[in-house]
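Participant: Before I ask anything, here is the structure I am working with.
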Amino acid sequence: MKIRDFKDSDTSQFLEVVRHLQAYELAIYDRMKPVEAIGDWYIKELQEQCEREKGFILVAELDEKIVGFATIFTAMPQEGEFDELDFTYGFISHISVNPEARGAGAGKQLMVACEAKAKDAGCQWLRVPALGQNKQARAIYEHLGFQEQYVVLEKTL
């Protein structure tokens with residue numbers, strides 16, 4: 001397993017992984033865009049955010065095939081809460097491993113690489129979001145030392 005930066009030549013395989021993630025999340029959160037809507041625009045959006053928030057798109061490669069990815073932003077601003085101090089933090093905005101590659105350590109290696117990028121950038125905190133119903137991801141993140149800090153509850157009206 002090799003973790004490295006995304007290259008333009010990864011586009012096709014990368015979008016395959018993103019579409020797996022989209023399908024999984026769509027099954028537990030009905031406001032995701034349809035899988036077939038995911039295209040090159042997705043990568044462009046990530047790259048633009050990487051420029052703004054000092055980020056990186058990382059891929060997990062196994063036997064010359066992209067089997068996972070993560071996006072880490074190392075300068076996310078926390079501002080606008082009038083009763084809190086403004087600060088910046090590292091933020092893993094996306095992470096996914098294709099179903100056939102799960103259990104091979106790609107997810108953990110991607111998380112470790114994201115944490116290293118955040119530390120190298122001087123981040124004091126690192127955050128990763130998870131859908132409330134994604135109990136598997138939440139358990140993995142907690143196992144890696146993440147703790148709930150801010151929980152948003154929602155009610156359908």
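The values are calculated or read from the model by the stated rules, or taken from the named source; none is laboratory data. Only a predicted model underlies this, so the values are computations on that prediction, with no experimental measurement involved. Cβ placement follows ideal geometry from the backbone for every residue including glycine, while neighbour counts extend to all protein chains displayed. Please note that ligands, DNA and RNA were not included when accessible areas were found on the heavy atoms of the full protein model with its side chains. Shrake-Rupley method; radii C 1.70, N 1.55, O 1.52, S 1.80 Å.
Participant: Give the average over all directions of the projected area of the C-alpha convex hull of segment 107-157, one decimal, in nm².
Facilitator: Projected over every direction and averaged, the Cα hull of segment 107-157 covers 4.3 nm².
Participant: Provide the per-residue ³J(HN,Hα) series for segment 54-63, in order, calculated from phi with Karplus coefficients 6.51, -1.76, 1.60 and θ = phi - 60°, each as a whole number of Hz, with x at glycine and proline positions.
Facilitator: 6, x, 9, 9, 10, 10, 9, 10, 10, 6
Participant: Ok, one more. How about segment 1-57: which chymotrypsin sites (Phe, Trp or Tyr not before Pro) there lie in a loop by DSSP and see at most 14 other Cβ atoms within 10 Å?
Facilitator: Qualifying residues, ordered by number: Tyr29.
Participant: Picking from Ile140, Ile43, Ile92, which is most flexible by a Gaussian network model of the chain using Cα springs under 10 Å?
Facilitator: Per the Cα network of the chain with a 10 Å cutoff, Ile140 tops the list.
Participant: Next question, about the same structure. Hey, can you grab everything whose amide H is under 5 Å from the amide H of Tyr89? Only 5+ residues off in sequence or another chain; H modelled, so Pro and N-termini drop out.
Facilitator: Placed amide hydrogens put Met76, Gln78 under 5 Å from Tyr89.
Participant: From the P(r) of segment 61-133, could you give the percentage of C-alpha pairs in the tail past 15 Å?
Facilitator: Numbers: 1574 of 2628 pairs.
For segment 61-133, the share of Cα pairs beyond 15 Å comes to 60 percent.
Participant: Another question, if that's okay. Taking only the Cα atoms of the chain, how large is their convex hull per residue, in Å³?
Facilitator: 135 Å³
Participant: Now a separate question. So which chymotrypsin sites (Phe, Trp or Tyr not before Pro) in segment 111-157 are both in a DSSP loop and have at most 13 other Cβ atoms within 10 Å of their Cβ?
Facilitator: Taking segment 111-157 and a limit of 13 other Cβ atoms within 10 Å, the loop chymotrypsin sites (Phe, Trp or Tyr not before Pro) found are Trp125, Tyr150.
Participant: Across segment 1-53, what fraction of all alpha-carbon pairs, as a whole percent, falls in each successive 10 Å bin from zero upward?
Facilitator: Using 10 Å bins, I get a P(r) of 21, 48, 29, 2 for segment 1-53.
Participant: Mind giving me the FRET efficiency for Ser9 and Ala116? R0 is 22 Å, r the Cβ-Cβ distance, nearest 0.05 is fine.
Facilitator: After rounding to 0.05, the efficiency reads 0.35.
Participant: Per the helix-only calculation at 222 nm, which mean residue ellipticity applies to the chain, given -39500 (n - 2.57) for every DSSP H run of n ≥ 4 and division by its residues, nearest 500 deg cm²/dmol?
Facilitator: When only DSSP H runs of four or more count, the value is -11500 deg cm²/dmol.
Participant: Can you work out the Karplus-derived ³J(HN,Hα) for every residue in segment 97-107? Use 6.51 cos²θ - 1.76 cosθ + 1.60 with θ = phi - 60°, whole Hz, and x for glycine or proline.
Facilitator: 10, 4, x, 6, 9, 5, x, 8, x, 4, x
Participant: What translational diffusion coefficient, to the nearest whole µm²/s, does segment 1-91 have by Stokes-Einstein, given a Kirkwood radius computed over alpha-carbon pairs, a temperature of 37 °C and 0.692 mPa s viscosity?
Facilitator: Result for D is 223 µm²/s.
Participant: Around Gln136, under 13 Å between beta carbons, what's the net of Lys plus Arg minus Asp minus Glu among the other residues?
Facilitator: Net local charge, Gln136 excluded: +1.
Participant: Here's a follow-up. What pairs in Lys54/Lys119; Lys44/Lys119; Lys2/Lys108 have C-alpha atoms more than 21 Å from each other?
Facilitator: Table pairs above 21 Å Cα-Cα are Lys44/Lys119.
Participant: Using a 10 angstrom Cβ neighbour count of at most 14 plus a DSSP loop assignment to flag exposed trypsin sites (Lys or Arg not before Pro), which longest range of the chain is free of such sites?
Facilitator: Between the exposed loop sites, the longest stretch runs 32-101.
Participant: Return the whole-Å distance between the Cα centroid of segment 20-34 and the Cα centroid of segment 99-129.
Facilitator: Computed from Cα coordinates, the inter-centre distance equals 22 Å.
Participant: Carbon-plus-sulfur fraction of the accessible area of segment 5-96, 1.4 Å probe, in percent?
Facilitator: 49 percent
Participant: Additional query: Please calculate the 1.4 Å probe accessible area of Val67, with all protein chains present, and give it to the nearest 10 Å².
Facilitator: Solvent-accessible area, nearest 10 Å²: 10 Å².
Participant: If you keep only loop residues by DSSP, which GluC sites (Glu not before Pro) in segment 128-157 have at most 13 other Cβ atoms within 10 Å of their Cβ?
Facilitator: Within segment 128-157, the qualifying GluC sites (Glu not before Pro) (loop, at most 13 other Cβ atoms within 10 Å) are Glu148, Glu154.
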